[in-house]
Amino acid sequence: MPRARYQTLVDEFSHRIQSGELRPGAQLPTVRALMQRQGVALATAARVYRTLESAGLVVGEAGRGTFVRDTSLPRSHGPLAQQPGGGEGLVDLSFNYPALPGQAELLREGLRGLAGSGDLDALLHAAPQGGRPHERASAARHLRNRGIRVPADQVLIVNGAQQGLALAALALLRPGELLAVDALTYPGIRALAAAHRLELAALPLREGQTDLDALATLCRRRRVRAVYSMPTLHNPLGSVMGLAERQRLVALAERHELLIIEDGAYAFLAEPAPPPLFILAPRRCIYVSGLSKSVASGLRIGFVAAPPALVPALEQAQRASTWNTPSIAVALACRWIEAGTVDALEDAKRRDARQRQRLARRVLRGCRLSGHPGAYYLWLELPAELRAEQVVAELRQAGVLLSSAEPFAATAHVPQALRVALGSVPLDILELALGRVRAALQP
């Protein structure tokens, strides 16, 4: 069959999907039906679907057929080659959406299990703030994996870790109060500080660690209300705070009556690790984590562990914002926790992240890299003659999306560096994309 005919079919499907004529979830004809309808060979019909799938426009499921994907989602599976429709594929190394093969089938099985559960009607009703008692108990059991052992009534189930941070800001901080953060920090905390009109005080970093001398000086000079910390797998640097530094941070918090907001979103990847700050400061620390990285970003289930005295304020903040968490998603997450599915996924993703780190360090050998060997990201410092914005723009033209240091910088001084997310694309595509990153750094 002439290639033009094959390409015409690909372009027709691409246009119908991108225009919205074929909606996400729509089932396409079987390969054999397409062959008969278009009068083409079986191999040609199969090739059309393979090309659409490699472009991220459809997904094939064994025994079920081929379905239109939701192209509004940043799946980051597009190849570096030319995509149907004339646009160049973009490989997203700017965000992490870690997923493993077979998770879609896991979701299907989980939903079937929910459908067959006894009290399905309960899922149609709003849950109390923080979750139902048995669900909070499941969340508390999950947090034991991080070394946190608290009763269920000290744990809240929230709409992802980001909402957990938002509830801490809404419930426990007031506009104008001072929040200490690292000079390079998670962009989400910067956004929350702006939304809640908090003042940020940026702490210098020494070899990837919070400068605690600077925090002590700041506390002597000003009234600091809280400190935001990522002691286990700092984002973006990938560092892990040692036990002595954690103990000193807690001592400073006790001396100056600081609230500690501990972000453990990536902590599951760094095992073993020193105990969480929450264990060392159980009366003045809020611990926030979730399942977005360890299970799936679309699940939007987070957990907040808090001292008993702070739980009512956090529940009230949830009531004032989203009221509660979606019952079906919570029920699914709790079933996976109780069945050991979440533990298995965390184990698998720890192996996956280490494999990706080894690949990245091999391809980028000789570059100035920092990060944990189990993290889903790397920090890449640029040569003195390069500027991050220029490198990011050039790589975008080459089909690779990366983030500069700017979103992470809490000061006007922005390092010339890139944060390379490793968790969102297949390994073969990741290797090609990293090769382009390396090429962009060459003089």
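The values are calculated or read from the model by the stated rules, or taken from the named source; none is laboratory data. Keep in mind that what you see is a predicted model, and the values were worked out from it rather than measured. All Cβ positions, even for glycine, are placed from backbone atoms using ideal geometry, and neighbour counts span all protein chains on display. Note: accessible area is taken over every heavy atom of the protein model, side chains too, but ligands, DNA and RNA are not part of it. Shrake-Rupley method; radii C 1.70, N 1.55, O 1.52, S 1.80 Å.
Calculate how many DSSP beta bridges within the chain are antiparallel, expressed in % of all such bridges and rounded to the nearest 5.
60
Tell me, in nm to one decimal, what length is gained between Ser321 and Asp428 on full extension, where the rule is 0.36 nm per residue of separation less the Cα-Cα distance?
So the chain would gain 34.3 nm between Ser321 and Asp428.
State the extension gain, in nm to one decimal, for the chain segment bounded by Arg112 and Ala412, taking 0.36 nm per residue of separation less the distance between their alpha-carbons.
Extra length available between Arg112 and Ala412 comes to 102.9 nm.
For the chain, state what percent of all Cα-Cα pairs lands in each successive 20 Å bin, counting from 0 Å until the bin that includes the largest distance.
In whole percents, the pair-distance histogram is 23, 52, 23, 2.
Arg206 label point, 7 Å along Cα→Cβ, cut-off 17 Å on backbone N: hits in the stretch 239-271?
Residues 239-253 qualify, since their backbone N sits under 17 Å from the label point.
Please give the peptides 179-190, 360-371, 16-27 ranked by average Cβ packing (other Cβ atoms within 10 Å per residue), highest first, as a rough proxy for protection.
179-190, 360-371, 16-27
Using θ = phi - 60° and the Karplus curve 6.51 cos²θ - 1.76 cosθ + 1.60, what whole-Hz ³J(HN,Hα) does each residue of the stretch 135-151 get, with Gly and Pro shown as x?
Going residue by residue, I get 6, 5, 5, 5, 4, 5, 5, 5, 5, 4, 4, 9, x, 9, 10, 9, x Hz, with x marking Gly and Pro.
Compute the helix-to-body angle for 388-397: its Cα long axis versus the longest principal axis of the chain, expressed 0 to 90° and rounded to tens.
20
In degrees between 0 and 90, to the nearest 10, how far off the longest principal axis of the chain does helix 42-54 point, with axes built from Cα atoms?
20
Students often get this wrong: which residues of the stretch 107-128 have the backbone nitrogen under 18 Å from the point 7 angstrom along Cα-to-C-beta of Glu61?
Correct set: 107-116.
Helix 3-18 versus the longest principal axis of the chain: what is the Cα-based angle in degrees, 0 to 90, to the nearest 10?
40
Roughly how many nanometres apart are two label points built 7 Å out from the Cα toward the Cβ at Arg283 and Glu271?
It works out to 3.2 nm between the two label points.
Suppose each label sits 7 Å from its Cα in the direction of the beta carbon; what would the Glu53-Leu369 distance come out to in nanometres?
Between Glu53 and Leu369, the simple spin-label model gives 3.1 nm.
Ignoring solvent entirely, what values of log10 I(q)/I(0) come out of the Debye formula for the stretch 295-443 at 0.09, 0.13 Å⁻¹ when each Cα is a single scatterer?
The calculated log intensity ratios at q = 0.09, 0.13 Å⁻¹ are -0.44, -0.79.
Might you tell me the accessible area per residue for the stretch 361-443, computed with a 1.4 Å probe and given in Å²?
Accessible surface, normalised per residue, equals 45 Å².
So if R0 is 45 Å, what FRET efficiency would Glu385 and Ser19 give, r being the distance between their Cβ atoms, rounded to the nearest 0.05?
Step by step, r from the Cβ atoms, then E = 0.50.
Using the Cα gyration tensor of the stretch 267-325, with a ≥ b ≥ c the square roots of its eigenvalues, what is the shape: rounded (a/c below 1.5), prolate (a/b larger than b/c) or oblate (neither)?
oblate
Does the stretch 87-162 classify as rounded, prolate or oblate by the C-alpha gyration tensor (a ≥ b ≥ c root eigenvalues; a/c under 1.5 gives rounded; else a/b over b/c gives prolate, otherwise oblate)?
Since a/c reaches 1.5 but b/c is at least a/b, the shape of the stretch 87-162 is classed as oblate.
Tell me, in nm to one decimal, what length is gained between Glu394 and Ala191 on full extension, where the rule is 0.36 nm per residue of separation less the Cα-Cα distance?
70.3 nm
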